[in-house]
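Down below is the structure, laid out as structure tokens.
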Amino acid sequence: MPSAIAIEGVRKTFGEKVAVEGLDLTIPEGRLTGLIGPNGAGKTTSIRMIMSILFPDSGRLEVLGRRSALESKDRIGYLPEERGVYKKMKVWGFLQHMAALKGIKPDEARTRIGHWLEKVQLPDVGPKKCEELSKGMQQKIQFIASVIHEPDLLILDEPFSGLDPVNMRLLRELIREQHDRGTTVIFSTHVMHQAEQVCDHIVMIHQGQKVLDDSIASIRAGHEPTAIVFEPLDPQASIEPLERVEGVQGVAQVEGIYEAALAHGANGGEVMRRMLDAIPLARVELRRPTLEDVFIEIVSGGTGDAALRAELRGGSGNSETVEAGA
Amino acid sequence: MNKLMKIAVREFSSTVLTKGFIIGAIVIPAIIAAAMPLVIRLIQKAEEAAPIVDGTLAVIDRTGGDLTGGDLTGPIGERLSHEDGSVFEPGGIDPETIDPEDPMSAIGQVTGARSTINLEVLDSATDVESERDAMREAYREGMTGERLGLAVIPEGSVLGDGEGEFPQVEFYHRRKLDDRVIGKMRAAVTRTIRDARFEAANLDRDRIDAISDVSTQTQEISETGEAEDSKAAAGIIVPVAMLLLLIVSVMTGGQYLLTTTVEEKNSRVVEVLLSAVSPMELMFGKILGQMGVGLALLVMYSGVTIIVASVFGLASGLVTPELITGLIVFFLIAYVTMASLLAAIGAAVNELREAQSLMTPVMMTLMIPYFLIFPISRDPNSTLALVLSYLPPVSPFVMVIRLGSTQPPPLWQTASAAVVGAIGAYAAVWFAAKVFRIGLLQFGKAPDFKTLVRWVKMA
């Protein structure tokens, strides 16, 4: 299968800081790929280099068979992370301008804009000024701008950020639809379960380097469970004894669910039995590894880091580490 | 190329089709242009009519009746009440000038011309010090005071000191008095003395007036050999007009370019644009679009200027095809240079406010020719003018002053200055292209010049 994107040994620095280091990446045509990693991992820098907005210090880059995305911009759709619209421009005018820049004729653009506004459930916003729209609406308008020319390659940088669940689902469907049309789609996110819900292939970036490049199914198959989910029989009971159970590396409450991190190489079944011995539990099960578990295992060498985990779940205030004896 | 044009068209129309632009660049200048004749008329009117004041002019005459006609106070008083125009017209009605359709104008004549200054004759032995003190006291108390002026005519003012020299007349007036009122009072005194001197020397005043008045009719010979009324006064107007037209058109486009670039960067729309066009297409598209704005203003304003000039009969001979060609060529050079720098600044900063410090050198470029306009236009081939003609980015501004002056530079100088200016414009574009590309996606600390230079090296 010909590759939509081929990157070899790309390196990019900003002054002292190395943003991307020795990145190799091949994305075949038609694949729906999630580019994941925590904030500051180098996702946006990589995407900007793919878009030829930034240029690598060294390495080789090929986009849609060309040496630079500049040569095939009309075939690429791009939704940048930093989103903006012409505030004073009407939605119609903005989309027409963007369509024109992508080489769509005015008549054709008009039809497509009408069609797309219906599709994103904003049929009446055409004559409004962009600044009158909410952030979420503006984001949908921008998504239209990125797909209006039916691109062969669609790159979305954090497309879900700032959307409510309803619009998140809508966008997920629209991305799927583009994928079904045969478009190669790459989207980045720091919220890993979003990637899990949409993509079939994952590329993980950490500290400027690629740490994982595999399909979701084989990622799951290849990784041992790393956590045990449990629920104390008495919600008031102290879970402190569990901290001392052999094979448990730490106990945390994330989004209301108790999790015990498994020590590297520990036998899940054994540990569960020992936990039941320590305190009475209403429920205890081995959790299948999620992307974030895999990611944390990769970056932390299996030590289990609750703070990093919280960030990757997209939340910040809704997790807490349960202190011993709490 | 096609995308570049689309960027340019949007840039142009989104600038021109705003209320701010239409009001600022078209409506207000149009109102000013339309109001100009009215304002000039009002100024002329105001020149004629001095404010109405009532009071006295005190005169100490120490000539002691040198003349056959007695002392000087009589003729001075007569002058104050009769001569020298409207200010001192006695409050009467002149039947000749009353408009029969408008009887109210007669009232206007009566009330409007009521300014009266009476003569106050002081004894020749009066102490000047105490009189001045009295005036000061009166002024301090009521800000007004009866007495407006005090003239002390020393002995020998009419006959001289015997060696052909005449002493000075002391003249005092109250503070905050209209200069025309002062002028009339002084004139009443000095003219009376002058007439007295003529009389004393047995000279006929009318005869002397006729002899001293050498009237001329100044004309200039044009290229066609015809004699026309002299336009020498326009010699300074043309270079000033040229420079102002250039500055206004270059800086209007340039300022808009700066603003829209900062806005695009600040609203983050720029990255969306960069997914469709290259940074260079974006920059040149924007520069081209605003060039259209500047050029439109240049054509519009110079068109109005030429029309106004021809109304006053000044256009022919002064506005030549060479001048217009020069203005357009140097506009393009100046605009590309300044616009590139402003685009770079706009791309580098996060907010318009931060642009101020980086703008200083750009503004200096405009201030130099502005301050030097008189020395350059008076002596357009001086070393100063010559050096500045070859010094981008000032050169195009200096060149339009020189082109508009009475001694335009030789063609080879104009051409070579244009070449040097174009090289300067190219350098500015080169610099801007690098800063623009890097600056657009850099957010955070406001950059200084060192940062910009580092970016240029980086790119």
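Laboratory data are not the source of any read-out in this text; all were calculated from the coordinates shown. No experiment lies behind these values; they were computed from the predicted model shown. Note: ideal-geometry Cβ built from the backbone for every residue, glycine included; neighbour counts use all protein chains shown.
Give the order of A:88, A:102, A:43 when sorted by the count of other beta carbons within 10 angstrom, beginning with the fewest.
Ordered from fewest to most neighbouring Cβ atoms within 10 Å, A:88, A:102, A:43 come out as A:88, A:102, A:43.
To test your reading of the geometry: what angle, between 0 and 90 degrees and rounded to tens, separates the Cα axis of helix A:268-278 from the longest principal axis of chain A?
Computed tilt is about 50 degrees.
List the equivalent ellipsoid semi-axes of the protein assembly as shown in whole Å, largest first, each obtained as the square root of 5λ for an eigenvalue λ of the Cα gyration tensor. Provide the component values of the computation, followed by the final result.
Details: eigenvalues 1490, 224, 120 Å².
The equivalent ellipsoid of the protein assembly as shown has semi-axes of 86, 33, 25 Å.
List, in order, the whole-Hz ³J(HN,Hα) value for each residue of region A:71-79 obtained from phi through the Karplus relation with A = 6.51, B = -1.76, C = 1.60 and θ = phi - 60°; use x for Gly and Pro.
Values per residue, Gly and Pro as x: 7, 9, 4, 5, 9, 10, x, 9, 10 Hz.
Pull up all non-local amide H partners of residue A:20: gap of 5 or more, or a different chain, and H-to-H distance under 5 Å with H placed in the peptide plane.
Here A:12 satisfy the definition.
Which whole-angstrom value gives the distance between the alpha carbon centres of region A:219-252 and region A:1-43?
So the two Cα centres are separated by 35 Å.
Take every DSSP beta bridge whose two residues both sit in chain A, then give the antiparallel share in percent to the nearest 5.
On the way: 39 of 57 bridges.
Bridges in chain A that DSSP calls antiparallel: roughly 70 percent.
May I ask for the angle, rounded to the nearest 10°, between helix A:291-300 and the longest principal axis of chain A, with both axes built from Cα atoms and the value confined to 0 to 90°?
Helix A:291-300 sits at roughly 70 degrees to that axis.
Output the antiparallel fraction of DSSP beta bridges having both residues in the protein assembly as shown, as a percent to the nearest 5.
Roughly 60 percent of the DSSP beta bridges within the protein assembly as shown come out antiparallel.
Pairs on different chains or at least eight residues apart, Cα atoms closer than 18 Å: how many lysine pairs in region A:1-139 fit?
Lysine pairs, 8 or more places apart or on different chains, close enough: 15.
Taking only C-alpha pairs under 8 Å that are 6+ residues apart, what is the relative contact order of region A:1-45 in percent?
37
Tell me, what HN-Hα J-couplings in whole Hz come from the Karplus equation 6.51 cos²θ - 1.76 cosθ + 1.60 at θ = phi - 60° for each residue of region A:156-168, using x for Gly and Pro?
Karplus-based 3J(HN,Hα) across region A:156-168 equals 10, 9, 6, x, 8, 4, x, 9, 7, x, 5, 6, 4 Hz.
R0 = 35 Å: FRET efficiency of residue A:286 with residue A:215, Cβ-based, nearest 0.05?
It comes out at approximately 0.95.
Separation between the residue B:360 and residue A:270 pseudo-spin-labels, each 7 Å from Cα along Cα→Cβ, expressed in nm?
So the two model labels end up 7.3 nm from each other.
If I take every Cα pair under 8 Å that is 6 or more residues apart in chain A, average their sequence separation and divide by the length, what percent do I get for the relative contact order?
So the answer I get is 19 percent.
Return the long-range amide H neighbours of residue B:120 (sequence gap of 5 or more, or a different chain), with a cut-off of under 5 Å between placed amide H atoms.
B:57, B:58, B:59
What order do you get for B:39, A:198 when you list them from fewest to most C-beta neighbours inside 10 Å?
B:39, A:198
Using θ = phi - 60° and the Karplus form 6.51 cos²θ - 1.76 cosθ + 1.60, what ³J(HN,Hα) does each residue of region B:20-30 get, whole Hz, x for Gly and Pro?
Residue by residue, region B:20-30 yields x, 5, 4, 6, x, 9, 10, 5, 5, x, 5 Hz.
Between 0 and 90 degrees, rounded to the nearest ten: what's the tilt of helix A:106-119 against the longest Cα principal axis of chain A?
Compared with the principal axis, the helix lies near 30 degrees.
Provide the net charge surrounding residue B:279, with neighbours chosen by a C-beta distance below 13 Å and charges set as Lys +1, Arg +1, Asp -1, Glu -1.
Spelling it out: positives minus negatives among the neighbours equals +4.
Quick one: length gained pulling residue B:204 to residue B:5 fully straight, 0.36 nm per residue minus the C-alpha distance? Could you put the intermediate results ahead of the total?
Details: separation 199, 0.36 × 199 = 71.64 nm, distance 8.02 nm.
Stretched fully, the residue B:204-residue B:5 segment lengthens by 63.6 nm.
Which of the lysines could a cross-linker bridge to residue B:184, judged by Cα under 17 Å and excluding same-chain residues fewer than eight apart?
Within the straight-line limit of under 17 Å, residue B:184 reaches these lysines: B:176.
Using a cut-off of 11 Å between beta-carbons, work out the net charge of the residues near residue A:72 (Lys and Arg +1, Asp and Glu -1, residue A:72 not included).
Summing Lys and Arg as +1 and Asp and Glu as -1 gives 0.
Fewest to most neighbouring Cβ within 10 Å: what's the order for B:127, A:157?
Least crowded to most crowded, the residues run B:127, A:157.
Amide H to amide H, which residues 5 or more places from residue B:170 or on other chains are under 5 Å from it, using H placed in the peptide plane?
Residues meeting the criterion, in which the H sits 1.01 Å from N, are B:152.
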